[in-house]
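A short worksheet on the structure shown next.
The values are calculated or read from the model by the stated rules, or taken from the named source; none is laboratory data. Here the structure is a predicted model, which means the values were calculated and not measured. Cβ placement follows ideal geometry from the backbone for every residue including glycine, while neighbour counts extend to all protein chains displayed. For the accessible areas, the whole protein counts, side chains as well, though only heavy atoms, and no ligand, DNA or RNA atoms are used. Shrake-Rupley method; radii C 1.70, N 1.55, O 1.52, S 1.80 Å.
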Amino acid sequence: AGVDTAGRIIPPGLPSVCPLRILTVDCQLDHLFLVARAWAADGSSRLIWNERVLTFTDVATVQERFGVHSSLVFLDAGYATYDVYRECAKRGWVALIGDRRPVYAHKGRDGKTVQRFYSPRRKVVLSHRQHCHVHYWSNLNIKDTLARLRRNQNPDDGPVWEVPDDIDEDYLAQMEGEHRIKKGGKWLWERIGKRPNHYWDCEAMQVAAAVMLKLVGQESVKVDAEIKAEDDEPTAD
């Protein structure tokens, strides 16, 4: 991805007149929730669409409507995993899985290891002709980043997180569907009762994608002894 003269990120394969837009999808049993958000080079973003839809074809329709590059469409694969993998393989989308792990080791080009809030890309082979790519992302650190971004409405204080003035009440309610609590000596984000939290998850995946694109967050983070002790195999939430 490059940057045009207006400071907008250019998605791979798209002309420079197109702003960077990311589409994220939370997949449920018989319906899907999606969020489309436009991002600027400084990490600021604005919600441009949110909707509950019924099929993956509906997702593709929204993708086409807003000109989102296929590599910037991210689907939650924590539920109906095979169906999500199949659709990602067919359409060039990317699968994401929220994970309890705080950071993931990446090998840099210089051979050094850096720790990031998302895993290296995994290739999932469905058949000799079909495969898709998957990333795990840190449920705690990504949602902490989302919470910080949402608090800022002043451009002088850093990236601004925006929603339209006429945003629907369902979106607003779902964005308050989780809270950060401490359990067993560890901090985590947990659903509040039976409140729906699908748009919250979509927005968390937006942040995960933005971190991967280095629009927000740190390129690497320091790992203390406590984090190292928790650095076991990925466990999907």
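A few points about this structure:
- For residue 169: the one exception among (1) open to solvent by 10 Å² or more (accessible area, probe 1.4 Å); (2) touching a residue at least 12 places away in the same chain (Cβ under 8 Å); (3) more than 17 Å from residue 78 (Cβ to Cβ): (2)
- Taken together, 130, 115, 153 contain a single residue that is open to solvent by 80 Å² or more (accessible area, probe 1.4 Å) and of a type outside the set (Ser, Thr, Tyr), which is 153.
- Taken together, 166, 156 contain a single residue that is of a type in the set (D, E, K, R) and assigned to a helix (DSSP H, G or I), which is 156.
- Subset of segment 63-78 [at pLDDT 95 or above and under 21 Å from residue 197 (Cα atoms)]: 73, 74, 75, 76, 77
- Verdict on residue 204 being touching a Gly at 6+ places or on another chain (Cβ under 8 Å), at pLDDT 90 or above and over 22 Å from residue 31 (Cα atoms): no
- First in segment 48-60 and outside any strand (DSSP E or B), second anywhere and open to solvent by 60 Å² or more (accessible area, probe 1.4 Å), Cβ under 7 Å, 6 or more apart: 60/91
- Filter result for residue 147 (open to solvent by less than 30 Å² (accessible area, probe 1.4 Å) and assigned to a strand (DSSP E or B)): no
- Taken together, the criteria place residue 160 among residues that are over 16 Å from the mean Cα position of the chain (by Cα) and either under 22 Å from residue 37 (Cα atoms) or open to solvent by less than 70 Å² (accessible area, probe 1.4 Å) (or both).
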